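The values are calculated or read from the model by the stated rules, or taken from the named source; none is laboratory data. A quick note: this is a predicted structure, and the numbers were derived from the prediction, not measured. Glycine gets a Cβ as well: all are built from the backbone with ideal geometry, and neighbour counts include every protein chain shown.
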Amino acid sequence: MTKSAYRNNLFLTGVVLVLLFFLQFVLPDYHVLMGTRMMVLAVFALGFNALLGYVGLLSLGHAMFFAAGLYGAGLTVYHFGWSLPAAFGFAVLASALLALVIGAVVLRTIRVSFMIVTLMFAQVAYLMVLYFAEWTNGQEGLSLPLSARAVHLFGATLDLSSAITRYNLAFGLLALCLMLLFAYLASARGRVATAIRDNEGRTEMLGFNVFAGKLEMFVLSGAMSGAAGAAYALLFGYIGSTFASFQYSIEALLFTLLGGAGTLLGPLLGVLLMVAMIDKLSELTSAYLLVIGVVLIVVILWFPKGILGTIRERWAPWLL
Amino acid sequence: MASLTPLLVTSGLKRHFGGVKAVDGVDFTLHEGEIRAIIGPNGAGKTTFVSLLSGRTEASGGTIRFAGEDVTRLPAYKRVQRGIAYTFQITNIYQTKSVADNVRMAVQGRMQRVGMPAFDFEAETAAALAAVGLSDRAETIAGELAYGHQRLLEIAMGLALQPKLLILDEPTQGLSDAEIENFLSLVRTIAKRATVLLIEHNMAVVMALADRISVLTRGQLLAEGTPSEIRDNAAVQEAYLGA
Amino acid sequence: MALGPYLFLATLEGLVQAAVLCITAAGLSLVFGVMRVVNVAHGEFVMLGAVIAWFAASLVTGHPAIGFAVALVISPVIVGAIAFASERLILKRLDYNPEATIVATIGLLYILQQTVLIVYGPDARPVDPPFYYTIRFPWFGYSSYKLFVIAAAIVIMGAIWFVLQKTKAGLIMRAAQFDRETAQAFGIPVDRVSAFVFAAGAGLAALAGVLVVPIQQAHYLMGADPLLLSFIVVIIGGLGSMSGTVVAAILIGLSDGILSVMFSPTLAKMVSTLLVALVLVFRPNGLFGKAAR
Amino acid sequence: MHRDSKTFLALSRRNILKTAGGAAALLASPAILRPGFAQSGTIKLGAPIHRTGIGASYGRWYERTATAAVKVVNEMGGINGRQVELIVEDDGTDPKRGTEVIEKFASQYKVDAVFGHLFSNVVAAAAPRAGELKMPYFICSEASLLGAGKLNRYTFQPGITDVRSQVTSMAPWIGDTLGKKVTMIYPDYNFGHDHRDFFTAAIKAQGGEVVGKIAVPPTETSFTRYFPQIPPSTEVIYHVMVGPAVLTFVKELGDYLGSQRPEIFGFIDSLEGVDFATPQLGFLEGSYFWEAYPRYAQANQSEFDKFFREKVGVDANGASVKDGKDISTYSHMFSIWETLFVMKQAMELSNYKGEAQKKDLVTAMESISTLAESREHPQGAKLFNGKTHQVFGSQNISKVEGGKLKVVHRTSIEDGLYDTDADYTKMAL
């Protein structure tokens, strides 16, 4: 990346974050709540995009990592009464570890096989949630106890039932993940990742360990998705098997494709549009999931690069 | 010219695809500093042979030793790190990256090999581009280059790796006569620092460049020698003319 | 119940499941074999078949068998036509790019499912079997219609075999499956073959839907299970291999029938899905497929 | 005042689903979508309804009943002089969306109370959220969680008796009349577990025992494979099933058992919304069902039942007056009607005018005790326990005779009372 491109991207990301931060002062209650949810889901989509957009691997099973974070955090809080920061840390580690193990297996496959195998592993994870109902309470799920709705940290108390607190925590996580990904992509390792995406064979013949490069991104992606899941569990206080279902994997794909795979801010944009659209449509019809189908097909047929990807192609080649 | 230390030795090297014996027991020795050409009719197993050397294809049998080390089971990227560079028969570059970025990836690859010393990225990149004469196109998107220039970029990436052994797979294919002239002097420059192994159909190029020539037919080594020895070899003539 | 009758019942249940699975998976396998398209919307074609059967049954008065017979004909035709149109409008434009077609068929899945929700509603609705007679075994009773399903599946699989092996259409399909480029060079209109194959695959799914609906009721979410199971069958049987598909369907149907009687059905599904994922990683040509080329 | 959801839906489907442009236009104009935004001075009630998912057949009728009840209330002059506005959201019978819908009611529509949640898995997830948001939350789900003290001060069940009370009150009759060795078939989630746990205890107290427990996942579509687990010593099969495949379940049970069946006692849930005049259900003749509220108008039908049927649009066979094949979920849906009237009563007691008085509404609810049989409570008289937030009423046991259900036994309210330590009034408001 050239210096000016680096500056532009940094500036753009900064502006978006500042904007998101100040939105909490002007949005009505419901939209603060929606905003919180969107930012957490954006972290999930960011994690998904790290894999699809920057190493070119399309996973159909990312709900499994979201769920790993969700249950990693939720179950330790629910059953063992862990403090929320400890549960969050554990959940991120657990999903990273899961990604390491799953990645080591599924990265032996490519393209269509990769998609199907990730889908199947996610299905196994979903069924596991149902099967170990003694711990997870299956489809019904668990609500975190009242004691888990506040964080005590360095003498201060954060009340998680406060909408503004939740908004800022979600904002902090999103900002952190965006910056992390930005730094990673601007680094030498990030260059290797995109090199793998652009031309795997060539990259290997330049002396790079392609498998390790993919695995590294897979773990980063899984950990980020897991962080989103953990945040979702702790902020909203409910965990259930729906979060592990196929539809959640598809939503991550949808957000990313719509916003633009391989663009830093695309997933965020995709989440904003999609979640708002789904929310509005659900007021009008029960068949609101129709929009998922329509958007998927429209994007894949006419805008395969997504919104930001198309903008990058036409007007802003510096966009990361 | 050739030193006596063998850089690369294969013994009994085999590669079978199902029932097809693409490479069938090749004993081959390459010395440091030489320019070696491999020739042979179509389907003789030349590309498979160099793929085995570079690690892109796994050997069914036999061993490969490089600089005294057994590399038979090493994955390709590790062989690159040990100094075997390979340029593809069909140009294989990062189509969407700029020419300079293409070379930078190669420089980064080398940096990883020598282990992160203070390293002038841009100088290394510029040097490799200058060596092949692409300096003025550094910011062009690689996919938009003319074919001949893409081949040169391919070689620049090989150079930027600063390999001990550079394998060139049909480097002159599709080049014009003027470009070939240019190419010949380029390879001679490279050969001052690295050993060169090339697969080539253009006999004029082979005769002009190679110190020694190896001839492959049906996966086996038929003959080996200096250009004039090979030119006079009856068996080689028979293989080529199909007597 | 004693172990013997227990196993007998499990076997019957397994065979019924295998029968339906065979037809569904054959459709999926055909589409993958010829077009190299992984059709994630395949389960929705089963669902559509069942829903159309319900419409047929409620529109045709008289004996349930008449409605059923009508459904057997029109369901595959209508669903085939829908599939044909989606192939022309979507898959063809994507040039059958494997990844893009998966994403597109996921989109198709939601569109079909949610459209049915709008038109047909969220309820599960029953369709009467063409005949109703319970066979009395000493230990339990069993619906004769379920046995009919097994027989019907054998007939349909026989017909598929005949078409593929003995007719010109089958020859063309096999040629296209073997090598698209060469087939094209020999003047086979591979492009048009694709559309027909996609329609035929969907038609088979619809047929399975019609057969299963008197046992299961028509419901807009009923496509998920057949999709997953036929994926499993097609992968175990070797992608695109028809005979492998049949063997795998019987194996999976029987083992699932027996395992779910003995253990928890969730556990059975979990273990089989995991095994299949591992098969795909370590034996990508399936358990019965040919060795790696 | 309330929005006529049916025509509204039909209209919106036509409008939006055809073009993406239409959807985009709607996105940009949130205010016109909901009457709720424009109006003040009404009492806004949120109803999370299972329009889709496994509870859809219940949801359709809950929505119709709630709509009818709101209409009656408004015709009576509303509550405290304010008209009632009903805002319906679909929760897909999904616990996760259940919690989100509660949030939406609280923060977007700012409703005064939420009522009508049915499936207990959704209730279990949504109730804590309602408590956190301090949103009065009235459930119609039979969930025993409430009586066990596991929910919170803002959650009430004033319209229908919980499972624990239902099975406790009927166990003596089952043990005496049908048999002592019972095999239970139930859905594998907390509603089914309530049946399992409380009935097992209740029949034990009668000197009987549960000889087989067969749990079936609520999303299952094929059941024959579960039946071999029925032990041969079974005298009574006790079944309760939910979800889209209930009819398949009962049919396959019939196929499997044949004519030499043991006694069968089912919860009407297994055939709720299903026509008894289905040929393959003949084997049920002479078997028994629990009904909270008899689907078929009985010989001694009360005027209140007539009124209720007329307003909701249900005929004497429990089917829609518009479509004789559209069978209602009669034994459950009365609860949303009765719940609304209890809410009305509590709002009138506390002279409720708006959001700020939610706490008064809660305490007013806790002061209610007896509910007389009336148009407001057509199912019968009830006792409301202000401490446990749970209501208790009579249960009916009906026999299938000539393809219809005839009540043969009605329990007293006292039969279903049980002891519990739960006391929500001690929780902070």
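Assorted remarks:
The rows are residues; the columns are (1) away from chain C (no Cβ under 12 Å); (2) assigned to a helix (DSSP H, G or I); (3) crowded, with 24+ Cβ neighbours inside 10 Å.
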| site | (1), (2), (3) |
| --- | --- |
| A:Leu272 | yes, yes, no |
| A:Ile278 | no, yes, no |
| A:Leu281 | no, yes, no |
| A:Pro304 | no, no, no |
| A:Thr310 | yes, yes, no |
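- Scanning segment D:343-356 for residues that are more than 13 Å from D:Ala66 (Cα to Cα) and not charged (D, E, K, R) returns D:Gln345, D:Ala346, D:Met347, D:Leu349, D:Ser350, D:Asn351, D:Tyr352, D:Gly354, D:Ala356.
- Positions within segment B:128-152 being more than 18 Å from B:Ala106 (Cα to Cα) and touching a residue at least 12 places away in the same chain (Cβ under 8 Å), in sequence order: B:Leu145, B:Tyr147, B:Gly148
- Residue count for segment B:203-228 under the criterion of being among the acidic types (Asp, Glu) and free of Cβ contacts under 8 Å to residues at least 12 places away in the same chain: the result is 0.
- Answer residue from segment D:387-414, given it is hydroxyl-bearing (Ser, Thr, Tyr) and touching a Gly at 6+ places or on another chain (Cβ under 6 Å) and is farthest from D:Arg295 (Cα to Cα) among those: D:Thr388
- Residue match in segment D:228-245 (condition: surrounded by fewer than 18 Cβ atoms within 10 Å (Cβ to Cβ) and in a helix (DSSP H, G or I)): yes
- Meets criteria (more than 18 Å from B:Val9 (Cβ to Cβ), within 8 Å of chain A (Cβ to nearest Cβ) and modelled with pLDDT under 90) for B:Thr96: yes
- Some residue of segment C:106-116 being closer than 30 Å to A:Ser59 by Cα, in contact with a Phe, Trp or Tyr (Cβ under 6 Å, 6 or more places away or on another chain) and within 7 Å of chain A (Cβ to nearest Cβ): no
- Test result for A:Gly240, in contact (Cβ under 8 Å) with a residue 12 or more places away in the chain, of a type outside the set (Phe, Trp, Tyr) and on the phi > 0 side of the Ramachandran plot: no
- In this structure, D:Gly266 does not satisfy being over 13 Å from D:Gln379 (Cβ atoms), in the same structural domain as D:Thr248 (by TED's automatic domain parsing), of a type in the set (Gly, Ala, Ser) and part of a loop (DSSP other than H, G, I, E, B).
- Selected residue (criterion: farthest from A:Leu235 (Cα to Cα)) from residues of segment D:70-103 that are away from every other protein chain (no Cβ under 14 Å) and assigned to a helix (DSSP H, G or I): D:Glu75
- Unmet criterion (only one of (1) under 25 Å from B:Gln237 (Cα atoms); (2) within 14 Å of chain A (Cβ to nearest Cβ); (3) not in a helix (DSSP H, G or I)) for B:Val50: (3)
- Tallying residues that are assigned to a helix (DSSP H, G or I), crowded, with 20+ Cβ neighbours inside 10 Å and of a type outside the set (A, V, I, L, M, F, W, C) within segment A:199-230 yields 10.
- For beta carbons closer than 6 Å, sequence separation of 6+ or different chains, a first residue in segment D:333-353 that is among the hydroxyl-bearing types (Ser, Thr, Tyr) and a second that is assigned to a helix (DSSP H, G or I), the qualifying pairs are D:Ser350/D:Asp360; D:Ser350/D:Leu361; D:Ser350/D:Ala364; D:Tyr352/D:Leu361.
- Filtered residues of segment B:153-182 (kept if touching a residue at least 24 places away in the same chain (Cβ under 8 Å), away from chain A (no Cβ under 14 Å) and in a helix (DSSP H, G or I)): B:Glu179, B:Ile180, B:Asn182
- Here the helices (runs of 4 or more DSSP H) wholly within segment A:62-167 that include at least 1 residues being under 25 Å from D:Glu100 (Cα atoms) and at pLDDT 95 or above are A:63-80, A:84-106, A:111-131.
- Any chance B:Asp70 is in contact with a Ser or Thr (Cβ under 7 Å, 6 or more places away or on another chain), surrounded by fewer than 18 Cβ atoms within 10 Å (Cβ to Cβ) and either free of Cβ contacts under 8 Å to residues at least 12 places away in the same chain or not acidic (Asp, Glu) (or both): yes
- Scanning segment A:1-28 for residues that are within 14 Å of chain D (Cβ to nearest Cβ) and surrounded by 14 or more Cβ atoms within 10 Å (Cβ to Cβ) gives A:Gln24, A:Leu27.
- Failed criterion for D:Ala106 (all others in (1) part of a strand (DSSP E or B); (2) within 13 Å of chain A (Cβ to nearest Cβ); (3) in contact with a Phe, Trp or Tyr (Cβ under 9 Å, 6 or more places away or on another chain); (4) not polar (S, T, N, Q) hold): (1)
- Checking D:Phe191, D:Phe156 one by one, the residue that is assigned to a helix (DSSP H, G or I) and of a type in the set (Phe, Trp, Tyr) is D:Phe191 and no other.
- Looking at D:Gly207, D:Gly131, just one residue is farther than 23 Å from D:Ser331 by Cα and outside the structural domain of D:Tyr62 (by TED's automatic domain parsing), and that residue is D:Gly207.
- Residues that are crowded, with 16+ Cβ neighbours inside 10 Å and without any contact (Cβ under 8 Å) to a residue 12 or more places away in the chain, drawn from segment A:142-179: A:Thr165
- Candidates are the residues of segment C:121-143 that are more than 22 Å from the chain's Cα centre (by Cα) and more than 7 Å from every other protein chain (Cβ to nearest Cβ); the one that is surrounded by the fewest Cβ atoms within 10 Å (Cβ to Cβ) is C:Pro138.
- Only one of the listed residues (B:Tyr86, B:Tyr147) is among the aromatic types (Phe, Trp, Tyr) and crowded, with 17+ Cβ neighbours inside 10 Å. That residue is B:Tyr86.
- Selection count where residues are buried (at least 24 other Cβ atoms within 10 Å of the Cβ) and in a loop (DSSP other than H, G, I, E, B), scope segment A:238-263: 4
- From D:Ala364, D:Ala319, D:Ala346, D:Ala372, residue being among the small types (Gly, Ala, Ser), more than 16 Å from D:Ser165 (Cβ to Cβ) and exposed (fewer than 15 other Cβ atoms within 10 Å of the Cβ): D:Ala372
One line per residue, one yes/no per condition, for (1) within 14 Å of chain D (Cβ to nearest Cβ); (2) under 22 Å from the mean Cα position of the chain (by Cα); (3) small (Gly, Ala, Ser):
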residue: A:Phe154; (1), (2), (3): no, no, no
residue: A:Thr157; (1), (2), (3): no, no, no
residue: A:Leu160; (1), (2), (3): yes, yes, no
residue: A:Gly172; (1), (2), (3): no, yes, yes
residue: A:Ser187; (1), (2), (3): no, yes, yes
residue: A:Arg197; (1), (2), (3): no, yes, no
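- With respect to the conditions (1) over 17 Å from the mean Cα position of the chain (by Cα); (2) closer than 26 Å to C:Thr273 by Cβ; (3) of a type in the set (A, V, I, L, M, F, W, C), C:Leu171 falls short on a single one, namely (2).
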